[in-house]
Amino acid sequence: MNIKKLIPKKLFTKLQPAYHYSLAIFGAILYRFPSEKMIVIGVTGTKGKTSAINFIWSALTAGGFKTGIISTANIRIGEKEFLNKFHMTMPGRFVIQKFMRDMANAGCKYCIVETTSEGIKQYRHIGINYDIAVFTNLSPEHLPSHGGSFENYKNKKGELFAKLSKLKKKKINGEVIEKISIANVDNEHSEFFLNFPADKKITFGINNKADLVARDIKEDSSKVSFNVLDSNFELSISGKFNIYNALPAIAIARLAKIEDKTIAKGLKDLTIIPGRMERINEGQNFTMIVDYAHEKESMTNVLNTAQIIKPEGGKVIVLLGAEGGGRDKTKRPLMGEISAKLADYVVVSNVDPYDDDPKEILEDIATTSEKFGKKRNENLFVIEDRREGIKKTIELAKENDVVIITGKGAEQSMIIGGKKIIWDDRNVVREELKKILNK
């Protein structure tokens, strides 16, 4: 029985924090505090969390450490992987604790948890004894959920770092586990996160002085390579921005005393992160990529990468949209502007409108694209039905073009009119590619 339905709405709103907190504690008790049995890494930030977590997993796994992860896209228990079907980054408190208990029982030494501001707001992190906190970056996102305030959003993420030194130190196999913070110093908000106490602080970046600085960066259509402290690394996933997601993996793997050549193998061997610059190939003569990008900076990164990887004469075609359900409306025109500037063709389509009017969401993006030069039914198309939108991008594509389907990544459902429908962009792309290629 759903407890929330038994309590009047106004009363529940007042009791909600205590309700969430109690659930978190009960979940931890029920599953016997599994985080005490593993080194727990929390990754927070606006972008790149899922990719960073998968790179960390791959580096630690290459070093011989059984590792579990809970991320927006996927959940891993050692080598066993399944997609996150919960339509939320941090699942419910009981679910998180159950996954962590499964990891501990399976012999995982490390557990990596994507820790969001919304998850912290709802106390989903309570009952988890974190040992390492990683900050990827910070930019405005999910502000309506935090009273419309960027400071509230930042402070809520900061609670992961604020709590770190206050948590009890563990002893695992006779070793006392230090509390460590790791931060991207190229982001202007890094000092905020680094100011919280920790036994050790590690910094990384590309443009500023840091403990780990990526240099000699090279990028082509299939890989990214770089150097850190005289060691060479290569990523099999496109996008220079992924270097920021890989640097925490190098830092954590070195803490685990894994040799650089083994770390390098782990990073290179990771060829797919579900719905993160994931290439779909059904034999077509153009590049098809599914990515989670759903705000200005991630869209900029993805579309800049598309410009780099497309062969000479190729075009960039992007499908994008924005969420309803009280999500930040201010990002819609920004995405419309970026897509108009960096893509040759723009298709605006549903993402997750929830109970909002899909047409209003799409028009917020499309009208801005028009202001920056796009013309409807020439190089700008507004197609509410997402499958039809994906089909349109494929029909537009010619040899050497790059098509990017953004907004959902590997999410397993879509919410329209308050109803959840089963959905996976990658599967729909494959289905539509096969239909067109087999004509």
* Structure fact -> Among Ala210, Phe286, Ala397, the residue whose Cα sits farthest towards the positive end of the charge dipole of the chain (+1 at Cβ of Lys and Arg, -1 at Cβ of Asp and Glu, taken about the Cα centre) is Ala210
* To do: Please tell me which of these pairs span more than 25 angstrom C-alpha to C-alpha: Lys171/Lys209; Lys240/Lys331; Lys163/Lys408?
  => Lys171/Lys209; Lys163/Lys408
* **Bins of 5 Å, starting at 0 and running to the largest distance - Cα pair percent for region 278-437** => 2, 10, 21, 24, 22, 14, 6, 1, 0
* Roughly how many whole Å is it from the C-alpha centroid of region 404-437 to that of region 327-379? -> 18 Å
* When the chain is reduced to its Cα atoms, the Kirkwood hydrodynamic radius in Å -> 22.4 Å
* Structure fact -> Normalised Cα Rg of region 168-277, dividing by 2.2 N^0.38 Å with N its residue count, works out at 1.15
* Treating only the Cβ atoms of Lys and Arg (+1) and Asp and Glu (-1) as charged, compute the dipole magnitude of region 71-195 about its Cα centre; round to the nearest 20 debye. => 720 debye
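Run the helix sum for the chain: -39,500 (n - 2.57) per DSSP H stretch of 4+ residues, divided by residue count, reported at 222 nm to the nearest 500 deg cm²/dmol. Before the final figure, lay out each step's value.
Working: 13 runs with 162 residues, N = 439.
My calculation for the chain gives -11500 deg cm²/dmol from helical runs alone.
For region 17-269, just run the numbers: alpha carbon Rg, then divide by 2.2 N^0.38 Å, N being how many residues it has. Show your work: numbers first, answer last.
Working: Rg = 17.1 Å, N = 253, 2.2 N^0.38 = 18.0 Å.
This ratio for region 17-269 stands at 0.95.
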* To do: Answer with one residue from Thr367, Asn54, Asn84: the one whose Cα lies farthest towards the positive end of the charge dipole of the chain, charges on Cβ with Lys, Arg +1 and Asp, Glu -1.
  => Asn84
* Listed residues Ala322, Leu380, Ile436: farthest to the positive end of the dipole of region 278-437 (Cβ charges) -> Ile436
* To do: Restricting things to alpha carbons, tell me how big region 236-365 is in terms of Rg and Dmax, in Å.
  => 17.5, 53
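Using a Förster distance of 35 Å, how high is the FRET efficiency between Glu151 and Ile172, based on the Cβ-Cβ distance and rounded to 0.05? Could the numbers behind the result be given before it?
On the way: r = 37 Å, r/R0 = 1.05.
Efficiency, from the Cβ-Cβ distance: 0.45.
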* Based on the mean of other Cβ atoms within 10 Å per residue, sort peptides 366-378, 402-414, 90-102, 163-175 so the most packed one is first. => 402-414, 90-102, 366-378, 163-175
* Under 18 Å Cα to Cα from Lys157, which lysines show up? Leave out anything in the same chain fewer than 8 places away. => Lys47, Lys49, Lys121, Lys166, Lys179, Lys201
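Here, each number is a calculation from the coordinates, and none is a lab measurement. Just so we're clear, the structure is a prediction, and the values are computed from it rather than from any experiment. With ideal geometry, Cβ positions are generated from the backbone for all residues, glycine too; neighbour counts draw on all protein chains shown.
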